[in-house]
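Worksheet: one structure, shown below.
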Amino acid sequence: MSEHEQFADDLALYALDALRGEDRARVDVHLAACAACRLELERLRGDTALLALSAAGPRPPQRARQRLLDAVAREARVAEALSQITRKDETPSRAWPAGPGWWGWLAWAVSATLVLAFALSSQRANMELREQLVDASSQVAKNARELEELRKIAAPILDPETQRVTLVSATAPPQPQGKAFYLRNRSSLVFLANNMPALPAQKAYELWLIPVSGAPIPAGVFKPDARGSASVVNPPLPAGVEAKAFAITVENETGAMTPTMPIVMMGSGE
Amino acid sequence: MLSSRQQGSAGDLALVTGLKSGDQGAMADVYDRYSSMVYAVALRVLGDTGAAEDVLQEVFLQLWRKPGAFDAARGSLGSWLAVITRNRAIDSLRKRPPETDIEDVVLSVAPDIAGEADRARAAEKVRGVIGEMAPAQRSALEMAYWEGMSHSEIAVKTGEPLGTVKTRIRAGLIALRKAFQT
């Protein structure tokens, strides 16, 4: 069976939005690399549109039209108001017109008042800044303590001297295993692997972050050590990407920008 | 002189251009052109007029906010709205978050359904094709499409193997496509 045939039935389910979890992630990885299947997906989505035509029923209530147009008008007014505020901020301030006599004294008095008010305000701001500096110094010390705590926690996981033990069923041989710890709001990823088979020279494993939408994102290249263990720690990742799944492929040891099939390991969120 | 199909597509393009420039009149025209279809799809899925009206609002407001999500060069606006509506209605029925952003919904479809007459003709043809399908295939397709059931759920309900269910669903969609290619 060719690779396209393998995905043919799944594409129909994908077009119906009926493919979820690992099944969908597997198809996502394939679609990222296969233009023919992306085109077939477009055609299948078009076929689902035809199905919609078989629905017949009453027209929507008249109030629905007005409800929609009222909502559209509200959003348009908000957008216009925001646009006007932006334009106002960009408008350069006009120069005060010069005026003789009484107007001149008034202008001087207003200016003096403004200068005094500014001076008082600056002094107050200065005191506030000093307080903020004290708070910031305290926060820096707190951050340093927390960092030291985190180093203590991470050391046994990441130190090459660490003994790694994988507990499995007593009747089953050890299987390749990977665990990804991903914190989306910090774009922080730690990946640990055990029992990974050795690879030929000039080949490496590559970890991929499969986002909710879009192409797979490279998330680090690794080679297992003699015991089959490996780790990837905080590879460069785009900010705030929601991960649907993670996958591993075999690539050249310099890595790749798009995954080379087949996927050797994959998993979605627990 | 443009055929009715060309007029329909040209009309859709002009409406979408209007939406992109914030033309509320264009939004009213889009609604008048497609609200019956959108509501019918939502009502068929949800079986509840209030819920169907909510989906109707959501779909058109999404189009208002992101008119660029629809690529006029790739398909018809009516077909795109039909797909978005059905997906959102299923998400509402199954009480789950949307799986696909509307910008990621790209489709190609043969018939133009911009005009009511075009839609009526296409609807009749679709019903004919569905009517001629083997009952098991029709049933699998309808469960997947109108009820948003997964292939696993359909397999459990019908007692059929997973692979058979998946193949039937795909074959049903291909049969529809072929009917409009002749």
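Every read-out reported here was derived from the displayed coordinates using simple, explicitly stated rules and does not represent laboratory data. It should be emphasised that the depicted structure is a prediction, and the values quoted were computed from it without experimental measurement. Using ideal geometry, Cβ is built from the backbone for each residue, glycine included, and neighbour counts are taken over all protein chains shown.
Worth a mention:
- Of A:Lys223/A:Lys244; B:Lys125/B:Lys166; B:Lys95/B:Lys178; B:Lys20/B:Lys178; A:Lys244/B:Lys178; A:Lys179/A:Lys203, pairs whose Cα-Cα distance is over 27 Å: B:Lys95/B:Lys178; B:Lys20/B:Lys178; A:Lys244/B:Lys178
- Per-residue mean of C-beta atoms belonging to partner chains within 10 Å, peptide B:36-47: 4
- For residues of A:182-195, the mean tally of beta carbons on other chains within 10 Å: 0
- Percent of Cα pairs exceeding the 22 Å cut-off, where the set is chain B: 50
- Alpha-carbon Rg/Rh ratio, for segment A:3-47, with Rh computed the Kirkwood way: 0.91
- Shielding of A:58-71 by partner chains, average beta-carbon count, 10 Å: 5
- Put simply, when A:37-43, A:236-242 are sorted by average Cβ atoms within 10 angstrom per residue, most first, you get A:37-43, A:236-242.
- Shape descriptor for segment A:177-268: Rg over Rh equals 0.94 (Cα atoms; Rh from the Kirkwood inverse mean 1/r).
- Dividing the helix sum by the residues of chain B, where each DSSP H run of 4 or more adds -39500 (n - 2.57), gives a mean residue ellipticity at 222 nm of -24000 deg cm²/dmol.
- Of the DSSP H helices in chain B, those whose Cα atoms cover at least 15 Å axially and whose Kyte score averages -0.5 or more: B:4-20, B:24-46, B:49-65, B:77-94, B:135-146, B:162-179
- Protection proxy ranking of B:58-70, A:223-235 - average other beta-carbon atoms within 10 Å, highest first: B:58-70, A:223-235
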